[in-house]
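Right, one structure below, let's go through it.
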Amino acid sequence: MGMTMTQKILAAHSGLDKVSAGQLIEADLDIVLGNDITAPVAINEFEKANLNNIYSKEKIVLVMDHFTPNKDIKAAEQCRRVREFAEKHQIVNFFDVGEMGIEHALLPEKGLVKAGDCIIGADSHTCTYGALGAFSTGVGSTDMAAGMASGKVWLKVPKAVKINLEGKFNANVSGKDLILHIIGKIGVDGALYKSMEFSGEGAANLSADDRLCVANMVIEAGAKNGIFPVDDKTIEYMKQAGAVDYKVFEADPDAEYDGEITVDLSALKPTVAFPHLPENTHPVDEITENIKIHQSVIGSCTNGRYEDMAAAANVMKGKKVAKGVRCIIIPATQKIYLECIKSGFAEIFIEAGAIISTPTCGPCLGGHTGILAAGERAVATTNRNFVGRMGHTTSEVYLASPYVAAKAAIKGYLGRDII
């Protein structure tokens, strides 16, 4: 029996000719990633174990993105802890205020992620990098500490689910609608500790930004990782980002899958995940009554890229955010922020009555820059809508694409007529 794309990458990084689902391996790491919430815990464990040296100054990446610029004293102390560690160990890829971005948008943009890599990060959405043909997965801070010291990680090789994509998106449908549709179909544990492997002509039709969005949210179906084939779009993206020495892996024709799903992209509609789980999905045109919103957030590691900003700007041009709605636009990196200024998007957003934030995870995890009060509702392009995720435990978060979030901001509600 052949190997899946994920299994081939893991075999190559563990020095084995072949691996199979369920096998325990020790894999060499190309990147170990941490942020201002998870890295301090890893640093504490690193030092508690009396570890003195990191395995690579170039392969450890630290990004201050969750609570920066610092929201309070505790956040400031967390970031200082990481800054001091980065300085002590001369870590090359340390990104702070002024050059940082939301980590899972920043690393691909900087060319730090490339096809064929094996990556761990102390953040569950590290699975994003599968969009570029890498194996990437989230781990705990203790595993991050061990990875920083040894450059290795213990893994159980995952089973795989093959997701065949057919056709093309219709207008105003995007990768966010696709992944919400899939999660709605299989549930939040439908791919538990499995690799979601995307294939087919539909996969080739997705833009790099859409692939990054889809791979980002496979964890919301319980997946260990998600991965897309490497094609001309992948290679062009990596080339523009300056990524070098990538390696292309392909699934064997006789690879074994634990299940298969087929999705016709042309049949998808703008979709929203209602509270309080990403699996609680409904096509917008099937919403039965208007749902008043108080906030619209367009950004995050899921949907803060340039195409997302463009989708929102196209909706908001010449219009005004509804009275009583707070619309927060968060470009995912400084480069994307600058592109929004150069392309005129920033002017569109401000004239519409929205605000533009520095790159930050902020409201996605109820951190800062848009925390909800009791009973408030937000439509957001983020990735989770658990109870209390964006603020008070009685608040509600509806997950949607930038197109839908911008439409709702203008209308002041979610309803079937907004599209």
Shape metrics for segment 175-285, restricted to C-alpha atoms - Rg then Dmax, Å: 14.7, 46
Eligible aspartates and glutamates near Lys224 by straight Cα distance, threshold 18 Å, same-chain separation 8 or greater: Glu26, Asp28, Asp30, Asp117, Asp123, Asp143, Asp189, Glu197, Glu256, Asp258, Glu260, Glu279
Two-decimal Rg to Rh for segment 116-170 - Kirkwood Rh, Cα set: 1.10
Over segment 199-349, volume per residue of the alpha carbon convex hull, in Å³: 163
Value in Å of the Kirkwood radius, where segment 1-71 supplies the Cα pairs that are averaged: 14.9
Computed over segment 43-130, the ratio Rg/Rh where both radii use C-alpha atoms and Rh is Kirkwood: 0.96
Backbone N under 19 Å from the Gln240 label point (7 Å along Cα→Cβ), restricted to segment 338-363: 338-346
By average C-beta atoms within 10 angstrom, highest first, the peptides 208-217, 226-235: 208-217, 226-235
Label point distance in nm, Trp154-Leu192, each placed 7 Å from Cα along Cα→Cβ: 2.1
Percent RCO, i.e. relative contact order, over segment 1-108, from Cα pairs under 8 Å lying at least 6 residues apart: 25
Whichever lysines have a C-alpha closer than 18 Å to that of Lys320, once near sequence neighbours (fewer than 8 apart) are set aside: Lys292, Lys407, Lys411
Enclosed volume per residue, in Å³, of the convex hull spanned by Cα atoms of segment 353-400: 75
Exposure of Glu99 as accessible area (Å², to 10), given a probe of 1.4 Å and all protein chains: 100
Lys/Arg +1, Asp/Glu -1 at C-beta; segment 239-311 dipole; positive extreme among Ala267, Thr281, Tyr306: Tyr306
Segment 113-142 and segment 222-249: distance between their alpha carbon centers, rounded to Å: 12
Whole-number Å³ per residue for the convex hull built on Cα positions in segment 67-223: 145
For segment 2-70 and segment 145-208, distance of Cα centres in Å: 20
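Would you please put 364-371, 42-49 in order of how densely packed they are, using the mean number of other Cβ atoms within 10 angstrom per residue and starting with the highest? Walk me through the numbers on the way to the answer.
Values: 364-371: 20.0, 42-49: 17.4.
Order by mean packing, descending: 364-371, 42-49.
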Inter-label distance, nm, simple model (7 Å from Cα along the C-beta direction), Lys269/Asn205: 1.9
Per-bin percent of Cα-Cα distances, segment 285-419 [5 Å]: 2, 12, 23, 25, 21, 12, 4, 1
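What ranking do 301-309, 259-267 get when scored by the average of other Cβ atoms within 10 Å per residue, highest first? The partial results should precede the final answer.
On the way: 301-309: 27.8, 259-267: 14.7.
The packing order, highest mean first, is 301-309, 259-267.
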Segment 254-370 - percent relative contact order, Cα under 8 Å, separation 6 or more: 21
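The values are calculated or read from the model by the stated rules, or taken from the named source; none is laboratory data. From a predicted model like this one, the values you see are computed outputs, not experimental measurements. Counting neighbours? That spans all protein chains shown, and the Cβs are built from the backbone with ideal geometry, glycine included. Note: areas computed on protein heavy atoms with side chains; ligands, DNA, RNA excluded. Shrake-Rupley method; radii C 1.70, N 1.55, O 1.52, S 1.80 Å.
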